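Everything below concerns the one structure shown next.
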Amino acid sequence: MFTEERHEHILNLLNNNGKVLVKDLSKEFNVSESMIRKDLQFLEKKNLLQRTYGGAINIKHSYSNVESFNKRVSKNIDLKEKLAIKAYNEITDKDTIFLDASTASYMIAKLIVKNNKDVTLITNMLEISSLIPENCKTNFIFIGGDYNPFVGGSIGSHSIAQIKQYRCTKAFIGCTGISLADGVVSTALSEDAYTKSAIMSISKELYIVTLNEKFQTTGSFIFANISDFNAIITESQPEKSILKLLGEAYITLI
């Protein structure tokens, strides 16, 4: 099979299955894995796919379009509740925590309010204010600034200036995607990336809170590397290739 034919077949597999693995393509085409990686690299430069750790995904699976908060919050509720419970279990009384603007943070805040947790909660997510009861041990601090309806919170320079006035024991941060090729953590909006970086700079312990599916996607704007975090909180144990990468980076998985 000629190189051009192999490339066409790889793209057909991506369109049908959403992703391909280097080891599978190597066996199917009877060529070395290094040759397949060169194929994927070539196709990525043509903007025809997105390389991941051990393979590639259809370019349609990367988040070039941003869904609004209202659309995201109604998706995968059961899985996000699992995330929230795991994150909540990392919070102790008297903690000062930061919940960034994400649907998982909304679920975590629900648990904090439900259990009347004695913590200080700082957030740039205004939707959380609707959860506050009349009598609550939790101390809420809201970050203002330019509200973005897609993020579901305040982001940008005004928000960052306020964030830098605080210090947190723990921060729980969402993301658009985690690149399995190099470990970078990304989001879909530039101002959101800068805001997340500011949150990280004031926090002693850092947690990514994300669904497994985010290991197969990427955003356009990098704000961190997985090695910057104390742990990644996800709904269930991911596949072996992902576990291997996390192990190599000495990342704790919760």
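Just to be sure I understand the model, the point goes 7 Å from the Cα along the line to the Cβ. What's the resulting Thr92 to Phe2 distance in nm?
Each label point lies 7 Å from its Cα, and together they span 6.6 nm.
Positive end of the charge dipole of the chain (Lys, Arg +1 and Asp, Glu -1 on Cβ, about the Cα centre): tell me which of Asn116, Gln50, Leu21 has its Cα farthest that way.
Asn116
How many lysine pairs does region 171-253 hold where the Cα atoms are under 24 Å apart and the two sit 8 or more places apart or on different chains?
Close lysine pairs under the 24 Å cut-off: 4.
What are the aspartates and glutamates whose alpha-carbon lies under 14 Å from the alpha-carbon of Lys46, with same-chain residues fewer than 8 places away excluded?
Lys46 reaches Glu4, Glu8.
At 7 Å along the Cα-to-beta-carbon direction for both Glu33 and Glu213, put a label point, then send me their distance in nm to one decimal.
Rounded to a tenth, the inter-label distance reads 2.8 nm.
Using R₀ = 45 Å, calculate the FRET efficiency as 1/(1 + (r/R₀)^6) where r is the Cβ-Cβ separation of Thr169 and Asn47; round to 0.05.
0.60
In the chain, with Lys and Arg counted as +1 and Asp and Glu as -1 at Cβ, which of these residues, Leu131, Thr169, Tyr250, has the Cα nearest the positive end of the dipole, that is, farthest along it?
Positive-most Cα among the choices belongs to Thr169.
Please express the shape of region 129-254 as an equivalent ellipsoid: the semi-axes are the square roots of 5 times the eigenvalues of the C-alpha gyration tensor, given largest first in whole angstrom.
Equivalent ellipsoid of region 129-254: 27, 17, 14 Å, largest first.
Between Ala249 and Leu111, what is 0.36 nm times their sequence separation minus the Cα-Cα distance? Round to one decimal in nm.
So the extension gain works out to 46.6 nm.
Quick query: amide H of Glu205 versus all other amide H atoms, modeled in the peptide plane; which residues come in under 5 Å with a sequence gap of 5 or more or a different chain?
Distant-sequence amide H within range of Glu205: Lys170, Ala171.
Figure the gain on full extension for Leu131 and Leu79 (residue separation times 0.36 nm, minus the Cα-Cα span) and round it to one decimal in nm.
Fully extending the segment from Leu131 to Leu79 adds 16.7 nm.
How far apart, in nm, are two points set 7 Å out from the Cα along the Cα-to-Cβ line at Glu239 and at Ile141?
4.2 nm
Under a 10 Å cutoff between Cα atoms, tell me which one of Lys117, Lys137, Lys38 has the largest fluctuation in the Gaussian network model of the chain.
With Cα springs under 10 Å in the chain, the top fluctuation among Lys117, Lys137, Lys38 is at Lys38.
Dipole magnitude of the chain about its Cα centre, charges +1 at Lys/Arg Cβ and -1 at Asp/Glu Cβ only, in debye to the nearest 20?
In debye, rounded to 20, the chain gives about 200.
Does anyone have the angle between helix 77-88 and the longest principal axis of the chain? Alpha-carbon axes, 0 to 90°, nearest 10?
Compared with the principal axis, the helix lies near 60 degrees.
Find the accessible area per residue for region 120-254; the probe is 1.4 Å, ligands and nucleic acids are left out, and the unit is Å².
Per-residue accessible area for region 120-254 comes out at 43 Å².
Can you count the Lys pairs in region 69-178 whose Cα atoms are under 13 Å apart, with each pair 8 or more apart or on different chains?
For region 69-178, the number of qualifying lysine pairs is 7.
How large are Rg and Dmax for region 9-58 when calculated on the C-alpha trace, in angstrom?
9.5, 25
If the elastic network links every pair of Cα atoms under 10 Å, which of Gly219, Gly54, Gly152 fluctuates the most in the Gaussian network model of the chain?
Sorting by GNM fluctuation, first place goes to Gly54.
Could you tell me how many degrees, from 0 to 90 and to the nearest 10, lie between the Cα long axis of helix 3-17 and the main elongation axis, the longest principal axis, of the Cα atoms of the chain?
Tilt relative to the chain: about 40 degrees.
The values are calculated or read from the model by the stated rules, or taken from the named source; none is laboratory data. Keep in mind that what you see is a predicted model, and the values were worked out from it rather than measured. Neighbour counts run over all protein chains shown; Cβ positions are idealised from the backbone, glycine included. Just so you know, the surface numbers come from the protein's heavy atoms only, side chains and all, with ligands and any DNA or RNA stripped out. Shrake-Rupley method; radii C 1.70, N 1.55, O 1.52, S 1.80 Å.
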